[in-house]
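Read through the structure below, which is laid out as structure tokens, and then see the notes.
The values are calculated or read from the model by the stated rules, or taken from the named source; none is laboratory data. Small disclaimer: the values here were computed from a predicted structure and weren't measured. Don't worry about glycine lacking a Cβ; one is built from the backbone with ideal geometry, like all the others, and counts go over all protein chains shown. These accessible areas exclude ligands, DNA and RNA; they are computed on the full protein's heavy atoms, side chains included. Shrake-Rupley method; radii C 1.70, N 1.55, O 1.52, S 1.80 Å.
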Amino acid sequence: MEKVNIIGAGIAGLSAAIRLARMNVQSLLISSQASERAQSVLAEGGINAAMDLMGESDSWQEHCSDTLKGGVFLADPNAVAGMTAAAPGLVRRLQELGVPFQRENGQMIQRNFGGQKKKRTAYAKSSTGKVLVNALIDEVRKAEAAGLTKRLCHHDFVRLALSEADGQCLGVWIRDTYGGACLFCPGPVILCFGGFCGLFPGLSTGTSQNTGDALATVFSQGAVLANPEFIQYHPTTAAITGKRLLVSEAARGEGGRLFALRNGRKWYFMEEKYPELGNLMPRDVISREMFLVSRDPACGGEIFLDMTGLSPETWKKKLPDLRAQILRYLKLDPACTPVPVSPGIHYFMGGLYADEGHRTSIPGVYAAGECACQYHGANRLGGNSMLGALYGGGVAAESAAADASVRGCAGTSVGEDFCFSEENETVSPAFGQRLGAILAQGLGIVRDAQGLEGALEGVRGLLRQPGITQAEARRCLLGEAVLRAALARKESRGAHYRSDYPERDDAGFRKTTLVSLRSGRMEVSFREVPARREAGDKYDARHGVSKSGICSKSSCREEEAGDEASG
Amino acid sequence: MKLRAEILRRQAGGEPYLQTFIYEPADEAETAASMLTNLNARKPLRDADGKEASPIRWECSCLQKKCGACAMRINGVPGLACDVKLSACGERIRLEPLRKFPVVADLIVNRDIMRENLIRMHLWLEQDALEPAADQELAYDASRCLQCGICLEVCPNYYGGGPFTGLAAAVPAARVLQLEKRGDGHGSEAERKTGPGKEKPKLFGRLRALTGEKRALPLARAYEKQVFEGCGKSLACRNICPAGIDAGRLLASSNAVAVWKRLRSRKAGRES
Ligand SMILES: Cc1cc2nc3c(=O)[nH]c(=O)nc-3n(C[C@H](O)[C@H](O)[C@H](O)COP(=O)(O)OP(=O)(O)OC[C@H]3O[C@@H](n4cnc5c(N)ncnc54)[C@H](O)[C@@H]3O)c2cc1C
Ligand code: SF4
Ligand code: SF4
Ligand code: FES
């Protein structure tokens, strides 16, 4: 079988590579920078799994329904059921890979996270993503030593090679950013290039590496986007030079409280308005409340996160890195002083359309992790995205391997003549910042038609500028796609709040937004969210849905038996 | 206050030269990284003599000291550009690429060798960790290495391609060695309880042990050769790690597992 090409080496890409190696399928793990520098290492708070370690009789079914509810019923319920049911097993697998999850008296413990009543977030102090990535890298290194995986760092995604005859993916063009040479890699492609925070330079909590340009390219090549209008504003961030610093939700999970000074007195508005979950309401709700409270003339505009009640023990054992960061970059000690915070762009629920098997709209191309639309619907619960990346990377790998064994080799033909022009493939920082400011203006926490139309006009103005590069034009088109999706969704749901359509409209819009670009025309449409399958039916990336839940193919049974033996 | 930023520039294949830029930080919080971002956003970028300059090539990602991408020499000292405040630099700042690695362009160096060294070292778990690390704090600390290469830059014994792979290999090795220290049980009762997650983690199954050897012998051997034998214990690397990793403690623990314990068992004739 031909090699599978994985673009992006964060948690999703690493997970895909490990799964492929486990199936004895070779892969190339291609990324702009090494895994140690992926955005995944920034994840602090933890990863969700209903392991029921805290005596709260938790279950994956509850995790599933919390996720669907948090996403305001836009996520694919079958996919979410698959992910939440697999979660405890995945976290145990991470333990076996030696991830030093938090323990107390020898027992692993879990913490509270937003939008969920039970303690189901597994963590390692305040650097969960970092320790998780490191364990996954060790496993990939083992696959690399066995000749199954090859890591190509400092290689950028350039474009997909698509067959002119039937639009199938033949492979991918990549470029060595150190040497400058372009390289064609034949075979299926799993896209794991992360979110598109680069569309908003300096305004998000993410990394400068996730420019969004890979997504813009794939979109311009015909891949369909799903739900791109759902952009998560994390309630507790603060501006530092060049980006926004996240104050992890773990701070609230451990007891941090939001307040505003109303007529000079502390007003714990979340606790007052939402007595049940209080400071741990889903992020969309808190960000919107903060937006409103900060505009209340009695409140003086500023909102604070009060972590002064946390015990010295909690700071030391559970949140040491968070405190160090705040001390370093905000110059105050959160153990003694409330920290001024405001919502900032943090996560992209939408992205490439991907079905339950993580297949995109282009045959032979798969997407997993933050670049794909799966699992989070209209709003993501904290702790679910590392899980989605880990699980989704594995599912995408299974689908890619299964399809390739049916399809056979696409051959090494390139499909098109290709010539890379560095000049045309660069987005100048100044241009990126201008576009980002326009988009952020239209795509804030509270949106309306006027603001969105204004932003759209601004983007079109940039597009008409003489001398813009192709990469700049593509970025504009991606921005336009997000704006158009936000305009078309004439309701309020999750992270998408329209002041001109403040109500949720299930009849009209409990649907997946799809945006496509065909022969230069951009189209927005809506598709029904898949219906929930019956309980016993099981999905398998290789054979689709099977009634009994047991796969009849002998090859599958053998592999499961193998898992059993080695487990 | 205006700042003179001297940057050691080099285009692929060309000779290095110093180019000076004038920069005025907007506030106290500005770092070497924000200066580079802002200089590159100038259109056109001109040096102190008014000459047009190409964008300065450098690497960054997280901008908050968590990824190691932006390691370089700042006023002669290796550090992270997103960590060094301009206000601490006075009227002049000099940026140069790390010296122990091949220069790609301007401030970018190729650190691929660090990745290769870890493969050479057999740095992975041969078998599943059946128990958590004996020392969780240590395993956590060892997981925090950024692979930035700053410790290699200051180490008198490290040079690229040499047998000694330095602290950047020793630190991550400490986690795996720590895990191999135990391995006599199967985790706690609560963890074994499969409960709702009965589904096996098929998506993410086990890779076969590569060497067929039990536990981490290949790693322990490599550790002895690549770290233990080469380290002069001068601790020039102490206090330079931007992640604040306590290298001394990790080394002592790894030495105990990989060297002293094996030495004992060799004496007892259990290992050839
Ligand atoms: C500050 C912060 C805290 C977070 N905390 C949590 C948390 O507590 N819990 C949780 O579940 N989630 C959290 N998240 C979200 C979570 O970290 C990410 O959603 C998740 O890690 C995404 O993983 P990924 O593999 O999809 O992408 P990433 O980790 O973003 O990796 C993307 C990869 O793609 C590569 N790439 C990008 N563009 C290109 C290109 N053009 N060519 C080639 N390669 C490219 C990059 O080099 C990188 O290797 C947090 C996010 C942030 C920013
Ligand atoms: S040990 Fe510290 S200095 Fe050395 S590579 Fe790791 S993070 Fe960098
Ligand atoms: S103690 Fe000295 S020789 Fe050993 S790694 Fe540190 S600097 Fe290098
Ligand atoms: S950019 Fe990540 S450490 Fe500086």
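When segment B:147-167 is filtered for residues that are out of contact with any Lys or Arg (no Cβ under 7 Å at 6 or more places or on another chain) and within 16 Å of ligand 4 (Cβ to nearest atom), the ones remaining, listed by number, are B:GLN147, B:CYS148, B:ILE150, B:CYS151.
Suppose we keep only residues that are in a strand (DSSP E or B) and closer than 20 Å to A:LEU487 by Cα within segment A:218-235. Which one would you say is most open to solvent (accessible area, probe 1.4 Å)? Only one residue tops the list, namely A:TYR233. Selection of segment B:45-64 for residues being out of contact with any helix residue (DSSP H, G or I) (no Cβ under 6 Å at 6 or more places or on another chain) and either open to solvent by 60 Å² or more (accessible area, probe 1.4 Å) or not assigned by TED's automatic domain parsing to the domain that holds B:LEU95 (or both) yields B:ARG46, B:ASP49, B:LYS51, B:GLU52, B:ARG57.
For B:ALA26, indicate whether it is outside any strand (DSSP E or B) and touching a Cys at 6+ places or on another chain (Cβ under 8 Å).
no
Within segment A:231-278, which residues are farther than 26 Å from A:LYS125 by Cα and touching a Leu at 6+ places or on another chain (Cβ under 8 Å)? Listed by number, the residues that qualify are A:ILE231, A:TRP267, A:TYR268, A:PHE269.
Residues in segment B:8-38 that are aliphatic (A, V, I, L, M) and more than 16 Å from ligand 4 (Cβ to nearest atom): B:LEU8, B:ALA12, B:LEU18, B:ILE22, B:ALA26. Residues in segment A:354-373 that are open to solvent by 10 Å² or more (accessible area, probe 1.4 Å), under 13 Å from the mean Cα position of the chain (by Cα) and over 23 Å from A:LEU280 (Cα atoms): A:GLY369, A:CYS373. Cβ-Cβ distances below 8 Å connect the following pairs, each with a first residue in segment A:144-156 that is without any contact (Cβ under 8 Å) to a residue 12 or more places away in the chain, a second residue that is part of a strand (DSSP E or B) and open to solvent by 40 Å² or more (accessible area, probe 1.4 Å), and a separation of six or more residues or different chains: A:GLU144/A:LYS150. Within segment A:246-256, being surrounded by fewer than 22 Cβ atoms within 10 Å (Cβ to Cβ) and touching a strand residue (DSSP E or B) at 6+ places or on another chain (Cβ under 8 Å) holds for one residue alone: A:GLU254. Of everything in segment B:140-169 that's assigned to a helix (DSSP H, G or I), over 14 Å from B:ALA243 (Cα atoms) and more than 10 Å from the chain's Cα centre (by Cα), which residue is farthest from ligand 3 (Cβ to nearest atom)? Out of the qualifying residues, it is B:GLU153. Restricting the search to segment A:481-534, which residues are of a type outside the set (Gly, Ala, Ser), assigned to a loop (DSSP other than H, G, I, E, B) and over 24 Å from A:SER361 (Cβ atoms)? Those that are of a type outside the set (Gly, Ala, Ser), assigned to a loop (DSSP other than H, G, I, E, B) and over 24 Å from A:SER361 (Cβ atoms): A:LYS490, A:GLU491, A:ASP500, A:PRO502, A:GLU503, A:ARG504, A:ASP505, A:GLU534. Just one of the listed residues (A:ALA145, A:ALA124, A:ALA87) is within 13 Å of chain B (Cβ to nearest Cβ), open to solvent by 10 Å² or more (accessible area, probe 1.4 Å) and within 27 Å of A:ARG22 (Cβ to Cβ), and it is A:ALA145.
Counting the residues of segment A:22-53 that are within 13 Å of chain B (Cβ to nearest Cβ), under 30 Å from A:ARG533 (Cα atoms) and not in a strand (DSSP E or B) gives 7.
Only residues that are over 24 Å from A:TYR178 (Cβ atoms) and surrounded by 18 or more Cβ atoms within 10 Å (Cβ to Cβ): list them for segment B:24-44, please.
Restricting attention to segment B:24-44, the residues satisfying the condition of being over 24 Å from A:TYR178 (Cβ atoms) are B:24-31, B:34, B:38, B:42-44.
Matches in segment B:24-44: B:PRO25, B:GLU30, B:THR31, B:SER34.
Contact map, segment A:524-536: residues that are over 22 Å from A:THR513 (Cα atoms) paired with residues that are among the hydroxyl-bearing types (Ser, Thr, Tyr), Cβ distance under 9 Å, separation 6+ or inter-chain. Pairs shown: A:GLY536/A:SER548.
Tell me whether segment A:17-28 contains one or more residues that are under 27 Å from A:HIS496 (Cα atoms), surrounded by 23 or more Cβ atoms within 10 Å (Cβ to Cβ) and not hydroxyl-bearing (Ser, Thr, Tyr). No, there is no match, as no residue in segment A:17-28 is under 27 Å from A:HIS496 (Cα atoms), surrounded by 23 or more Cβ atoms within 10 Å (Cβ to Cβ) and not hydroxyl-bearing (Ser, Thr, Tyr).
Looking at segment A:257-328, the strands (runs of 3 or more DSSP E) lying wholly inside it that each contain 1 or more residues that are out of contact with any Gly (no Cβ under 7 Å at 6 or more places or on another chain) and surrounded by fewer than 14 Cβ atoms within 10 Å (Cβ to Cβ) sit at A:265-267.
For the residues A:ASP138, A:ASP156, A:ASP213, the requirement of being within 21 Å of A:LEU517 (Cα to Cα) and not hydrophobic (A, V, I, L, M, F, W, C) singles out A:ASP213.
Considering every residue within segment B:192-208, establish whether at least one is open to solvent by 10 Å² or more (accessible area, probe 1.4 Å) and at pLDDT 70 or above.
The initial filter retains those residues of segment B:192-208 that are open to solvent by 10 Å² or more (accessible area, probe 1.4 Å), namely B:192-196, B:198-203, B:206-208.
Filter once more, keeping what is at pLDDT 70 or above: none.
Within segment B:192-208, none of the residues are open to solvent by 10 Å² or more (accessible area, probe 1.4 Å) and at pLDDT 70 or above.
For segment B:14-55, the candidate set comprises residues that are within 14 Å of another protein chain (Cβ to nearest Cβ) and among the hydroxyl-bearing types (Ser, Thr, Tyr); within that set, the residue that is nearest to B:CYS89 (Cα to Cα) is B:THR31. Of the residues that make up segment B:18-28, is at least one under 28 Å from the mean Cα position of the chain (by Cα) and at pLDDT 95 or above? Checked segment B:18-28: at least one residue is under 28 Å from the mean Cα position of the chain (by Cα) and at pLDDT 95 or above.
Given the criteria within 14 Å of chain B (Cβ to nearest Cβ), assigned to a loop (DSSP other than H, G, I, E, B) and touching a strand residue (DSSP E or B) at 6+ places or on another chain (Cβ under 8 Å), does A:GLY357 qualify? Spell out how you get there, then give the answer.
Details: within 14 Å of chain B (Cβ to nearest Cβ): yes; assigned to a loop (DSSP other than H, G, I, E, B): yes; touching a strand residue (DSSP E or B) at 6+ places or on another chain (Cβ under 8 Å): yes.
So A:GLY357 passes the test.
Inspect all residues belonging to segment B:118-137 and state whether any of them is within 16 Å of ligand 3 (Cβ to nearest atom), open to solvent by less than 10 Å² (accessible area, probe 1.4 Å) and touching a residue at least 60 places away in the same chain (Cβ under 8 Å). Within segment B:118-137 (the criterion being within 16 Å of ligand 3 (Cβ to nearest atom), open to solvent by less than 10 Å² (accessible area, probe 1.4 Å) and touching a residue at least 60 places away in the same chain (Cβ under 8 Å)), the answer is yes, since at least one residue qualifies. Does A:VAL80 qualify as being part of a helix (DSSP H, G or I) and within 12 Å of chain B (Cβ to nearest Cβ)? The answer is no for A:VAL80.
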